[in-house]
1. Of everything in the stretch 273-288 that's under 23 Å from ILE214 (Cα atoms) and either without any contact (Cβ under 8 Å) to a residue 12 or more places away in the chain or among the basic types (Lys, Arg) (or both), which residue is surrounded by the most Cβ atoms within 10 Å (Cβ to Cβ)?
2. Determine if the stretch 37-45 includes at least one residue that is of a type in the set (Gly, Ala, Ser), over 13 Å from LEU96 (Cα atoms), at pLDDT 95 or above and outside any helix (DSSP H, G or I).
3. Consider the stretch 153-199. How many of its residues are in a strand (DSSP E or B) and either without any contact (Cβ under 8 Å) to a residue 60 or more places away in the chain or over 15 Å from the mean Cα position of the chain (by Cα) (or both)?
4. Taking the stretch 230-261, which residues are free of Cβ contacts under 8 Å to residues at least 24 places away in the same chain and either touching a Leu at 6+ places or on another chain (Cβ under 6 Å) or outside any loop (DSSP other than H, G, I, E, B) (or both)?
5. Among the candidates GLU190, GLU201, single out the residue that is under 20 Å from LEU73 (Cα atoms) and exposed (fewer than 14 other Cβ atoms within 10 Å of the Cβ).
6. Of all residues in the stretch 291-321 being of a type outside the set (Val, Ile, Thr) and within 18 Å of VAL249 (Cβ to Cβ), which is least open to solvent (accessible area, probe 1.4 Å)?
7. Any residue in the stretch 219-239 that is of a type in the set (A, V, I, L, M) and over 18 Å from the mean Cα position of the chain (by Cα)?
Amino acid sequence: MGEWREGAKALPEITIQEVRLVARTFKTRTTYTDGVTPKMIGQLSDAGISNLIRFWKISEVTGKWPTQEKSVLVRLLQKEKGGYRPINMYRTSFRLHAKIRGRLVRKWAREQQEEGWNNGEGRWTGDAIWRAQVRNSIQERGCEEEDEMWAAAELNWDLKQAFDSIPWWGLAQAAQQMKYPVTVLALSMESYAWKRHLEIEGALSEEIWPTRGIAAGSPCAPWELSCLLLPMLKMHKREHSLVTMSIHVDDISIAMAGRNKEEVVKKLTKAGRAVIDEMDRFGMEIDKGSKALLMVTHDDMEGQIRAVLGVHAGEKERVVKRLGIDHWIEKVKQGATKGGQRDWGCLPERDGLSQRKTE
C-alpha cells in the first residue's frame, strides 16, 4: 500500500440507492469507451449493483483495479488558438465510483478554511480581488490623511501545464499533511499510471505510460491540485503574513501594499521567490509568457522587482483582467463621483467598472 497510505480509514459502505442516484446525475449522451453508460449501470438489478459494490470494495482495500479496467483513452481536442487539449476518458465503472467517492473529497474541501483559497464551496472567484481592493483602499486612505506615500505591487502567475506536471510523490506527501481522503487518492493515483492511447481525428497511438501528472477528466483532479498547493499557502501565511496570496485552481496572485516602496518590493519578492522555489522542488513551472503579469503603483518598483524575480516578474500592466474582473491596483479617474472624489480601482458596477464572472 505504501507508507503514505498507512493509517487510511475504511470508507463508508456504498449503498445500492447511492449508486442509482449518482448514476442518474450523468448526462444521457455522456462519453464512454466501453459500451456502457453510467445510467445503464443505475438500471441494473439490485443483485447486479451489489456485485459491483463488492468489486469496488476489493479495489479500495487493495488499492488496485483489475487489469481489464486499467486503460485510458486520451482524446486530443483542437483549441481555437492552435494546439490540442487532452481529455482523459476513463471506463464507466471507474468514473461512477470516482463520482460516488468524490463526495468525501468535497466534504474535505468544505473543511478547508484558508482565506486565500478560492476553490472552496461558497467561494467566488473574485473574492480575493475584493479583499485586496478593500484592504488597499483602507491603507491608502490612511496614508492620504497622514500625508504619507502609499505603494502597492501585485504578481499574477499561472502554473504552466499544472495538471500534467504534478509529481506523484509530492501529491502523496501533501495528502498526508492535509488529511486528504487517502483511500480515494490511492485509486486516483493508480489510475494516473495506467497505459494510455492518444486519439486524434480517428488515429490511435501506441501505448503510452505516464510517469507524473494527474488526468484532466478525473473527477477529483481539481481537488488534488488544491491539496498539493494548500501547504504552500499555509506556509506563506506563517512566513509572509503581510503579503496577500490567493490561489484559484492553477492561478496564483501575490500582492503587497504599504507606506514604504522598498519594504513592499522586498517583502513581495521574498514571498514570490519562495513560491518559485517550492514549484521548482516539485518540478513544476510558472508560466513566463503573457500570462505572468506585474502591477505596481510606482514605475521604479518594476525594475527592483524584476532584478530579483527576473523573467518571473512578467509583463507590466496598469489594468489586469484576472478571474473575469478588470481591476486596477491604484485609484483612477472614472468621471463624476459623489463629492468629486476618485473611484477606487475595483468597486461595484454602479461606480463605472465592468464586472464579469468567470464562465
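The values are calculated or read from the model by the stated rules, or taken from the named source; none is laboratory data. This structure is a prediction, so every number in the text was calculated from the model and none was measured. Here the Cβ is made from the backbone with ideal geometry for all residues, glycine too, and neighbour counts use every protein chain on show. Remember, those area values only see protein heavy atoms, side chains included, never the ligands or the DNA or RNA. Shrake-Rupley method; radii C 1.70, N 1.55, O 1.52, S 1.80 Å.
1. LYS288
2. Initially, the stretch 37-45 is screened for residues of a type in the set (Gly, Ala, Ser), giving 42, 45.
Adding the requirement that they be over 13 Å from LEU96 (Cα atoms) leaves 45.
Next, from what is left, pick out any that are at pLDDT 95 or above: 45.
Filter once more, keeping what is outside any helix (DSSP H, G or I): 45.
Taking every residue of the stretch 37-45 in turn, at least one turns out to be of a type in the set (Gly, Ala, Ser), over 13 Å from LEU96 (Cα atoms), at pLDDT 95 or above and outside any helix (DSSP H, G or I).
3. Step one: of the stretch 153-199, the residues in a strand (DSSP E or B) are 153-160, 195-199.
Pick out the ones that are also either without any contact (Cβ under 8 Å) to a residue 60 or more places away in the chain or over 15 Å from the mean Cα position of the chain (by Cα) (or both) and you get 153-155, 195-199.
Count: 8.
4. Pass one, the stretch 230-261, residues free of Cβ contacts under 8 Å to residues at least 24 places away in the same chain: 238, 241.
Result: ARG238, single match.
5. Values: GLU190 fails: exposed (fewer than 14 other Cβ atoms within 10 Å of the Cβ).
Just one listed residue meets the conditions, GLU201.
6. We begin by selecting, within the stretch 291-321, every residue of a type outside the set (Val, Ile, Thr); these are 291-295, 298-304, 306-307, 309-310, 312-318, 321.
Still in the list and also within 18 Å of VAL249 (Cβ to Cβ): 291-293, 321.
Working: LYS291: 119, ALA292: 0, LEU293: 30, LYS321: 137 Å².
Among them, the one singled out is ALA292.
7. Within the stretch 219-239, the subset of a type in the set (A, V, I, L, M) is 221, 225, 228-230, 232-233, 235.
Among the residues that remain, those that are also over 18 Å from the mean Cα position of the chain (by Cα) are: none.
No, the stretch 219-239 has no match at all.
Every residue, every condition in (1) modelled with pLDDT under 90; (2) surrounded by 14 or more Cβ atoms within 10 Å (Cβ to Cβ); (3) aromatic (Phe, Trp, Tyr), yes or no:
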| position | (1), (2), (3) |
| --- | --- |
| THR33 | yes, yes, no |
| ALA47 | no, no, no |
| ILE58 | no, no, no |
| VAL61 | yes, no, no |
| LYS64 | yes, yes, no |
